[in-house]
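Novice: Got a structure for you, questions after.
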Amino acid sequence: MISEHVTDECLEQYSRGALEEPTLAEVEEHLLICEQCCERLTKFDDTWGLNG
Ligand SMILES: [Zn+2]
């Protein structure tokens, strides 16, 4: 079980699809179980969404 939260840097890269394995798998796994990081991720998604 992953206990550490995903860093802002990782979330930002994840939202852009720029994250690579094995970090990508770890982040996805964590997002499934962590509401906090899911909410933080939506902020990054919003930011990039504004740019089209
Ligand atoms: Zn988390």
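The values are calculated or read from the model by the stated rules, or taken from the named source; none is laboratory data. Remember, it's a predicted structure, so these values are computed and weren't measured experimentally. We place every Cβ from the backbone using ideal geometry, glycine too, and count neighbours over all the protein chains shown.
Condition check ((1) modelled with pLDDT of 95 or more; (2) of a type outside the set (Ser, Thr, Tyr)) across all residues:
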{"position": "SER3", "(1), (2)": "no, no"}
{"position": "GLU12", "(1), (2)": "no, yes"}
{"position": "GLY17", "(1), (2)": "no, yes"}
{"position": "GLU21", "(1), (2)": "yes, yes"}
{"position": "ALA25", "(1), (2)": "yes, yes"}
{"position": "GLU35", "(1), (2)": "yes, yes"}
{"position": "THR42", "(1), (2)": "no, no"}
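Novice: Mind checking which pairs have a first residue in region 8-27 that is under 12 Å from CYS38 (Cα atoms) and a second that is not in a helix (DSSP H, G or I), Cβ under 8 Å, 6 or more apart or different chains?
Specialist: Qualifying pairs under 8 Å: TYR14/VAL6; VAL27/VAL6; VAL27/LEU19.
Novice: So, of the residues in region 13-34 that are within 12 Å of the ligand (Cβ to nearest atom) and farther than 16 Å from ASP45 by Cα, which turns out to be surrounded by the most Cβ atoms within 10 Å (Cβ to Cβ)?
Specialist: It comes out as HIS30.
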